[in-house]
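These notes concern the structure reproduced below.
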Amino acid sequence: MNYIHRDLESKLKDLAEDYSCILIVGPRQVGKTTIFKELMESGRTVVSLDDFEERKLAQTDPAMFLQMHDIPLLIDEVQYAPQLFPYIKMAIDNGAPPSSFWLTGSQAFRMMELAQESLAGRTAIIHMPSLSQHELYGSGDNHKFVIDLESLKERKQTGKPAGLSEIYERIWNGSMPGHRSGKYRDRNVFYSSYVQTYIDRDVSELIANVDKLVFMDFIRAAACRCAQLLNVHDIAMDVGVSDDTAKRWLQVLEKSDIIFYLRPYSNNLLKRTIKTPKLYFFDTGLVAYLTKYTSPEILENGAINGAILENYVVSEIRKTYQNEADECLMWYYRDKDSNEIDMVIECDGVVHPLEVKRSVNPGSELVNAFKILDKGAVPRGKGAVLCMRSELSALDSDNFIIPIWMI
């Protein structure tokens, strides 16, 4: 197995000099503990709350747990013992030095709520994604994806060119470190085990007496609708559960970072926008596994080839921001007049419209809808079509053509 260097490493080194506590949250098995172990020096105590004895002590007597384990301390899967947070707060308030506590957790929403309640202002909270395209295939430093010509020219130097078939191979293989590092070489067995472990451990913690087979079908039904407008009723009908149950289960998928949403872009001057969010998965390899595409070639020509490509682009852009510990202000646009924009990114007070296409030679008609944003209150900046063109180009002075491999 080869360790794949992560773009977050330099950010974590900087934060370790300033914060007594760093908390990394994110999906299961994306490398949260691995990156900490790669960065830590000898002498740091490592404790996993997967160990039931350690978990029991942390839950029932958190003060004794912290007395038993000297700082500097790495606590893995800390979401199992939120009782620790008030005691970590007291240790920080009593002068714990920088980098005393390194924490990881998989259930991001609840973890962040608990951490913010107890450790507000005392903890650097980092949301770690799975491996990015840049980490797997690129070189040099990570930079946030922005629609600026000089920045785009720099991106050309750090990416690895890829045509249509290679992009779909990247999509099909996914971005999970356990598989992509070579530790678990059989992709199907890896994802099968991943989903089973997720349901057995995370879902069972969040939903009492869940029917695991039905929940598996539910995840698959959601995967079939990646990069589409969320239709809770359709998903519920596919699986045979109520709409209310489907809503609760979607909340579980979101809380555990299996899925995320793009919300509709709107402001007071854009009144005819559709309010429904679009559904995306954090890892396209998981989508391809769940939807039973057995090879990249079949996926490339399959029914979801356009949707999964859009999912890939959206998640990869999002990762470029997460890997700089920053928030990506990203939406989509659709209105009742059938105007549609795949993504709208806001940066420095300007919105940038983006379209995703499989085409090598996208036409200018693809950017016609961009003008609708001129009616909004925020100025419209440069737009772009992200596609299979091999080189950076432009449709006109306001709209770039960006190869997907450059993200």
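The values are calculated or read from the model by the stated rules, or taken from the named source; none is laboratory data. Fair warning: this is a prediction, and the values are worked out from it, not measured in the lab. Counting neighbours? That spans all protein chains shown, and the Cβs are built from the backbone with ideal geometry, glycine included. In case anyone asks, the SASA skips ligands and DNA or RNA and just uses the protein heavy atoms, side chains included. Shrake-Rupley method; radii C 1.70, N 1.55, O 1.52, S 1.80 Å.
One residue stands out in the stretch 142-165 among those that are charged (D, E, K, R) and in contact with a helix residue (DSSP H, G or I) (Cβ under 8 Å, 6 or more places away or on another chain): the one that is least open to solvent (accessible area, probe 1.4 Å), namely 155. Restricted to the stretch 387-407, and to residues there that are open to solvent by less than 20 Å² (accessible area, probe 1.4 Å) and aliphatic (A, V, I, L, M), the residue that is nearest to residue 315 (Cα to Cα) is 407.
Every residue, every condition in (1) of a type in the set (A, V, I, L, M); (2) at pLDDT 95 or above, yes or no:
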{"site": "303", "(1), (2)": "yes, yes"}
{"site": "306", "(1), (2)": "no, yes"}
{"site": "309", "(1), (2)": "yes, yes"}
{"site": "323", "(1), (2)": "no, yes"}
{"site": "330", "(1), (2)": "yes, yes"}
{"site": "339", "(1), (2)": "no, no"}
{"site": "344", "(1), (2)": "yes, yes"}
{"site": "374", "(1), (2)": "no, no"}
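Looking across the stretch 296-321 at every residue that is within 16 Å of residue 402 (Cα to Cα) and among the aliphatic types (A, V, I, L, M), the one that is surrounded by the fewest Cβ atoms within 10 Å (Cβ to Cβ) is identified as 317. Does the stretch 54-75 include one or more residues that are within 20 Å of residue 322 (Cβ to Cβ), charged (D, E, K, R) and at pLDDT 95 or above? No, the conditions are met nowhere in the stretch 54-75.
Rundown of residues vs (1) under 26 Å from residue 357 (Cα atoms); (2) in contact with an Asp or Glu (Cβ under 7 Å, 6 or more places away or on another chain), yes/no style:
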| position | (1), (2) |
| --- | --- |
| 215 | no, no |
| 222 | yes, no |
| 236 | no, yes |
| 246 | no, no |
| 249 | no, no |
| 254 | no, no |
| 266 | yes, no |
| 275 | yes, no |
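Given the criteria assigned to a helix (DSSP H, G or I), more than 21 Å from the chain's Cα centre (by Cα) and more than 24 Å from residue 175 (Cα to Cα), does residue 14 qualify?
Yes; evaluated as a whole, the condition is true for this residue.
Among the residues of the stretch 227-243, write down those that are touching a residue at least 60 places away in the same chain (Cβ under 8 Å) and open to solvent by 40 Å² or more (accessible area, probe 1.4 Å).
The first filter runs over the stretch 227-243 and keeps only residues touching a residue at least 60 places away in the same chain (Cβ under 8 Å), leaving 227-229.
Result: 228, 229.
Name the residues in the stretch 201-213 that are open to solvent by 10 Å² or more (accessible area, probe 1.4 Å) and closer than 30 Å to residue 135 by Cα, would you? Answer for the stretch 201-213, where residues must be open to solvent by 10 Å² or more (accessible area, probe 1.4 Å) and closer than 30 Å to residue 135 by Cα: just 201. The residues of the stretch 281-303 that are in contact with an Asp or Glu (Cβ under 8 Å, 6 or more places away or on another chain) and either in a loop (DSSP other than H, G, I, E, B) or within 16 Å of residue 333 (Cβ to Cβ) (or both) amount to a single one, 282. Working only within the stretch 29-63, note down all residues that are out of contact with any Lys or Arg (no Cβ under 8 Å at 6 or more places or on another chain), open to solvent by less than 20 Å² (accessible area, probe 1.4 Å), touching a residue at least 60 places away in the same chain (Cβ under 8 Å) and not aromatic (Phe, Trp, Tyr). 30, 32, listed by residue number. In the stretch 59-69, the condition of being touching a strand residue (DSSP E or B) at 6+ places or on another chain (Cβ under 7 Å) and of a type outside the set (Asp, Glu) is met by at least one residue. From the list 141, 70, the lone residue that is in contact (Cβ under 8 Å) with a residue 12 or more places away in the chain, among the acidic types (Asp, Glu) and either farther than 30 Å from residue 353 by Cα or in contact with a Gly (Cβ under 6 Å, 6 or more places away or on another chain) (or both) is 70.
Pairs, please: C-beta under 6 Å, at least 6 apart or cross-chain, first residue at pLDDT below 90 and in the stretch 114-134, second surrounded by fewer than 22 Cβ atoms within 10 Å (Cβ to Cβ) and assigned to a loop (DSSP other than H, G, I, E, B)? Close Cβ pairs (under 6 Å, with a partner that is surrounded by fewer than 22 Cβ atoms within 10 Å (Cβ to Cβ) and assigned to a loop (DSSP other than H, G, I, E, B)) amount to 114/82. Reported count of residues in the stretch 214-226, each being open to solvent by less than 10 Å² (accessible area, probe 1.4 Å) and touching a Leu at 6+ places or on another chain (Cβ under 8 Å), is 4. Residues in the stretch 191-240 that are in a loop (DSSP other than H, G, I, E, B) and under 30 Å from residue 333 (Cα atoms) were compared, and the one that is farthest from the chain's Cα centre (by Cα) is 231. On the stretch given as the stretch 241-280, residues that are among the charged types (D, E, K, R), within 26 Å of residue 131 (Cα to Cα) and in a loop (DSSP other than H, G, I, E, B) total 1. For the residues 262, 253, the requirement of being touching a Lys or Arg at 6+ places or on another chain (Cβ under 7 Å), closer than 20 Å to residue 332 by Cβ and among the aliphatic types (A, V, I, L, M) singles out 262.
One residue is enough: does the stretch 263-277 have a residue meeting the conditions surrounded by 22 or more Cβ atoms within 10 Å (Cβ to Cβ) and not aromatic (Phe, Trp, Tyr)?
no
Can you confirm whether residue 134 is buried (at least 17 other Cβ atoms within 10 Å of the Cβ) and not basic (Lys, Arg)? When the stated conditions are applied, residue 134 passes them.
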